[in-house]
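Single-structure report; data block below.
The values are calculated or read from the model by the stated rules, or taken from the named source; none is laboratory data. Predicted model, so just to flag it, every value in this text is computed and none were measured. Glycine gets a Cβ as well: all are built from the backbone with ideal geometry, and neighbour counts include every protein chain shown. Accessible surface is based on the protein model in full, side chains and every heavy atom, while ligands, DNA and RNA are left aside. Shrake-Rupley method; radii C 1.70, N 1.55, O 1.52, S 1.80 Å.
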Protein chains: 2
Amino acid sequence: MTYCLGLRTKAGLVMASDSRSNAGIDQVNICCKMHTFVVPGERVFVLLSSGNLSLTQSILARIEQEFHSGRGLVDVANFYDAARCVGRHVREISALDGPFMERDNIAYAVNFLLGGQIRGEEPQIYMVYAQGNPLRCTRTAPFLQIGESKYGRPILDRGIRYEDTSLEQAVKYAMISLDSTMRSNVSVGPPIDLIVYAADELEIRRYRRFSEPDTELSAIRSSWDRELRQAIGALPSITFEEQPPDRELGITHTFFRGL
Amino acid sequence: MTYCLGLRTKAGLVMASDSRSNAGIDQVNICCKMHTFVVPGERVFVLLSSGNLSLTQSILARIEQEFHSGRGLVDVANFYDAARCVGRHVREISALDGPFMERDNIAYAVNFLLGGQIRGEEPQIYMVYAQGNPLRCTRTAPFLQIGESKYGRPILDRGIRYEDTSLEQAVKYAMISLDSTMRSNVSVGPPIDLIVYAADELEIRRYRRFSEPDTELSAIRSSWDRELRQAIGALPSITFEEQPPDRELGITHTFFRGL
């Protein structure tokens, strides 16, 4: 399993990924799911991947080859075309490997998040599906997730606002979202790769890998556990009724012995 | 969809359920998923249901009939047998309706949580699967969930401890878990039914239904949103590296124009 997320606020982007790869529960490896493609001062791409590792490796290998030959992501005119470029490689590998997998009932399962910026445009994030089609991250739904997305979603739903959330806040939301997911699903695991990208930087200036043990990650965890308990403690209390509604509502059944 | 949960601490139990029932997205109803069966001073059962509503209704109807005739849950010798009693009804309806559903490729999907206490035993919670087999809630994993369980799990993973968590705290964790799930999945919805059961009460004394709008639920939500922002703000900050690791590690690709 995998968990990757991309947060998009007015101030910029936070892109983060776990590093656990598993084929069944007895073949577990560390695998970096974050790749960056930079033309300094001009364009920055952070590509996060989930799904079948053999497929994402092939797709990445071709994106890399193209990039270093001065085509593909180096060359696309805008961010939408960049997402289409990733989608094109997804489709090429689908054409190459898909039929052989289908024959053995193995799903062609890959997903990508492409975040970054091309000079002259806003920072953006796209999801690219296994079918190659792109989905853009909007201001009203300012984050995208791939992989094991549910555990880490509530904290983002409550916290991330395009207009208001600072990058310093966003990075903390991302860390809690990832940490919660790792805690609830053992197939999502460290190291965590994290990039914070402020609008118009057009290069990568803030990168962090959290391996285990990591003193800052431990400090975040224990602080969060402590703060969460305080937050629960501070919630207003609830008034109760002494009885559930009567039988009319179908909820309550009482049996009196000897009646 | 549905979300029901049962928390078990040394002090007692918290049982809670949402009330949304839907068949597709254009047939949405309110449906209470919490039913109580009480022999005052002797035994208390809180039964929460998820899955196909036609099936859970049939199973409940039979459990109710049996109960009011002085058999079944009124009569079982211990809580394990109570869970087996629910499982027996699950299997009877499976035998009655299962083959006709199977013929049309409809899954026999039901799950129950049975919480409560029989005098002389500890309070307990069991899950009963669609196959009728029971699973007991243990001290080391002190909660059980059915339905849409992932969104509401991280807060429980961080908060609920069998020995330490008070019922007053547990009820707040349950509310946040349910509220987070309603926020992330529209097919989980109000009213919320909630029962707090202290060990050895052997009757129901604290019941609460939160409809929309509910001033206490709104107060909990806004308090939580505020507290969560403070908690995020209080997290220690992160130090970054200026660059991701170099190409050897496969993460970084840089293209210099004109080289």
Problem set entry | Rounded to the nearest 10 Å², the accessible area of A:Val186 at probe 1.4 Å | 120
Seminar exercise, completed: With every protein chain kept in place and a 1.4 Å probe, the protein assembly as shown has an accessible area per residue in Å² of 42
For this session: With all protein chains present, calculate the accessible area of B:Met101 using a 1.4 Å probe and round the result to the nearest 10 Å².
Result: 20
Problem set entry | Under 12 Å from the Cα of B:Lys10 - aspartates and glutamates, other chains or at least 8 residues apart | B:Glu122, B:Glu163, B:Asp164, B:Asp200
Exercise. Once the Cα atoms of helix A:79-103 and of chain A are each reduced to a long axis, what angle between those two axes, in degrees from 0 to 90 to the nearest 10, is obtained?
Worked result: 80
Exercise. How many percent of Cα pairs in segment B:152-259 exceed 23 Å?
Worked result: 51
For this session: Report, in degrees rounded to the nearest 10, the 0 to 90 angle that the Cα long axis of helix B:53-68 makes with the longest principal axis of chain B.
Result: 40
Exercise. If you find the alpha carbon centre of segment A:33-87 and of segment A:182-259, how far apart are they in angstrom?
Worked result: 34
For this session: Mind checking the full-extension length gain between B:Ala107 and B:Ala77? Use 0.36 nm per residue of separation minus the Cα-Cα distance, one decimal, nm.
Result: 7.5 nm
Problem set entry | Shortest-first nm distances, B:Ser237 label point to equivalent points in other copies (7 Å, Cα→Cβ) | 3.9
Exercise. Picking from A:Thr215, A:Ala170, A:Ser187, whose Cα lies most toward the positive end of the charge dipole for segment A:167-222 (charges on Cβ: Lys, Arg +1; Asp, Glu -1)?
Worked result: A:Ser187
For this session: Output, in nm with one decimal and in ascending order, the distances from the A:Glu201 label point to the matching label points of the other copies (7 Å from Cα along Cα-to-Cβ).
Result: 5.2
Exercise. Hey, in the GNM for chain A with a 10 angstrom Cα cutoff, which one of A:Ala234, A:Ala61, A:Ala83 fluctuates hardest?
Worked result: A:Ala234
Problem set entry | Virtual spin-label span in nm between A:Phe100 and B:Ala199, 7 Å along Cα→Cβ | 6.1
Exercise. Can you list the aspartates and glutamates whose alpha carbon is less than 17 Å from that of A:Lys150, not counting same-chain residues fewer than 8 positions off?
Worked result: A:Asp18, A:Asp179, B:Glu148, B:Asp157, B:Asp179
For this session: Between beta-carbons, use under 14 Å as the cut-off and find the net charge around A:Pro142, counting Lys and Arg +1, Asp and Glu -1.
Result: +3
For this session: Compute the signed sum of charges (Lys and Arg +1, Asp and Glu -1) over the other residues within less than 12 Å, Cβ to Cβ, of B:Ser69.
Result: -1
For this session: Kindly state, as a whole number, the per residue volume in cubic angstrom of the convex hull around the alpha carbon atoms of segment B:51-184.
Result: 128
For this session: Look at the axis of the rotation that sends chain B onto chain A, then give the chain B residue with the nearest Cβ and the distance in whole Å.
Result: B:Lys150, 2
Problem set entry | Nearest-ten-degree value, helix B:167-184 long axis tilted from longest Cα axis of chain B | 70
For this session: Run through the other copies and list how far each one's label point is from that of B:Gly258, in nm with one decimal, shortest first; the point sits 7 Å from Cα along Cα-Cβ.
Result: 10.0
Exercise. From the backbone phi of segment B:218-228, what are the Karplus-calculated ³J(HN,Hα) couplings (6.51 cos²θ - 1.76 cosθ + 1.60, θ = phi - 60°) in whole Hz, Gly and Pro given as x?
Worked result: 4, 5, 4, 4, 6, 4, 5, 4, 5, 4, 5
For this session: Note down the relative contact order for segment B:3-234 as a percent, whole number, built from C-alpha pairs under 8 angstrom at least six residues apart.
Result: 29
Exercise. Leaving out ligands, DNA and RNA, what percent of the accessible area of chain B is carbon and sulfur, probe 1.4 Å?
Worked result: 49
